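The values are calculated or read from the model by the stated rules, or taken from the named source; none is laboratory data. As the structure is a prediction and not an experimental result, all values here were calculated from the model. FYI the Cβ positions are ideal-geometry reconstructions off the backbone, even for glycines, and counts take in every protein chain you see.
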Amino acid sequence: MKEKARLLWIVALGLSFSVVHAQSPQQIIQQVVNSERTANQNDHSHWTYLQEIDKPKEHILQWVAGTQQGDVRRVLKKDGEELPEPRQRDLIQKFLHDTRAQKKEISESQHDDQQIDDFLKLLPIAFVWTQTNATATTTSLHFEPSTNFHPPTREARVFSSMAGDLVADNQQHRVRSMRGHLIHDVNFGGGILGKLKEGSSFSLEQEQVAPFFWQLTSIRVHLEGNALLFKSISLQQDDERSKFEPEPSTITLDQAATVIMSQPEMAQLHSGAALKVN
């Protein structure tokens with residue numbers, strides 16, 4: 001009888017311990033945000049990767065190599081036309097000798113980083129989160145706008161008018177994927193300054209490309225309307241990235257140019273390798 005009572009006491013202690021340490025959906029997303037922001041602030045790595053950008057009036061397939069002085073790009077194909085190697089080299093050399101273009105590149109990158117950080121900070125406060133699924137490796141969460149949130153900026157107003165789903169990695173507490181859509185029209189200045197329509201959507205995916213290093217592999221923005229909110233992301237844009245390779249943290253612009261010119265040409269790339277080469 002005493003042994004049975006002791007067993008029940010141990011079970012009760014175990015259950016109470018689990019309850020105390022169980023995380024609510026709001027706590028889970030806060031942990032994910034903290035991990036993402038910390039990783040972004042501490043990540044000074046540079047990568048070479050293949051990028052495909054698709055906009056309504058522009059399609060580009062290119063190799064990209066990151067440096068502290070900006071990203072060097074080798075354009076393989078633009079708007080259905082394959083660029084010959086001499087033209088690829090000319091464009092690279094033009095960037096290497098254009099300090100204004102390099103400063104613009106850095107400025108836009110810093111602007112994007114700030115927008116990402118601002119967006120991450122919104123997640124725990126702008127939405128109400130519910131857990132929809134859990135596996136040994138991931139946790140799936142659904143989000144809806146919080147009625148208690150008052151957006152301080154136009155960008156925050158757009159983001160906080162969305163509903164969608166997020167999949168988080170359980171081990172490193174990183175975002176694996178996120179999708180959202182506007183649940184109603186968003187008007188600026190009563191519609192005079194602009195309007196984004198209900199159903200406008202975005203999605204993103206991340207993958208671990210090296211131990212403890214994650215990179216965005218897919219960004220899709222499909223905003224229906226006429227309000228331009230972002231400097232470097234159009235209202236309609238698909239951005240796919242693959243074939244990530246690390247580069248030294250001290251890589252220079254000239255070294256980056258050499259690296260991307262050593263990457264495969266169009267003829268060497270396989271059309272079925274997660275690309276939609278048009």
Count - residues of the range 106-148 that are out of contact with any strand residue (DSSP E or B) (no Cβ under 8 Å at 6 or more places or on another chain) and free of Cβ contacts under 8 Å to residues at least 60 places away in the same chain: 11
Residue in the range 73-89 that is farthest from the chain's Cα centre (by Cα), counting only those that are assigned to a strand (DSSP E or B) and aliphatic (A, V, I, L, M): LEU76
Residues of the range 53-72 classified as more than 15 Å from the chain's Cα centre (by Cα), assigned to a strand (DSSP E or B) and within 30 Å of GLU224 (Cβ to Cβ), total: 9
Filter result for the condition that a residue is modelled with pLDDT under 95, outside any loop (DSSP other than H, G, I, E, B) and closer than 30 Å to LEU122 by Cα, over VAL33, VAL20: VAL20
Lone qualifier among GLY199, GLY180 - being surrounded by 13 or more Cβ atoms within 10 Å (Cβ to Cβ), part of a loop (DSSP other than H, G, I, E, B), modelled with pLDDT of 75 or more and not hydrophobic (A, V, I, L, M, F, W, C): GLY199
Candidates PHE159, PHE149, filtered to the one that is within 17 Å of ILE116 (Cα to Cα), among the aromatic types (Phe, Trp, Tyr) and either within 17 Å of the chain's Cα centre (by Cα) or modelled with pLDDT of 90 or more (or both): PHE159
Failed item, numbered, when GLN68 is tested on (1) surrounded by 14 or more Cβ atoms within 10 Å (Cβ to Cβ); (2) over 30 Å from ILE29 (Cβ atoms): (1)
Residue that is over 25 Å from LEU182 (Cα atoms) and at pLDDT 95 or above, where the choices are PHE127, PHE95: PHE95
Number of the exception - HIS150 against (1) in contact with a Phe, Trp or Tyr (Cβ under 9 Å, 6 or more places away or on another chain); (2) in a loop (DSSP other than H, G, I, E, B): (1)
Given (1) in a helix (DSSP H, G or I); (2) surrounded by fewer than 14 Cβ atoms within 10 Å (Cβ to Cβ); (3) β-branched (Val, Ile, Thr), index of the condition ILE92 fails: (2)
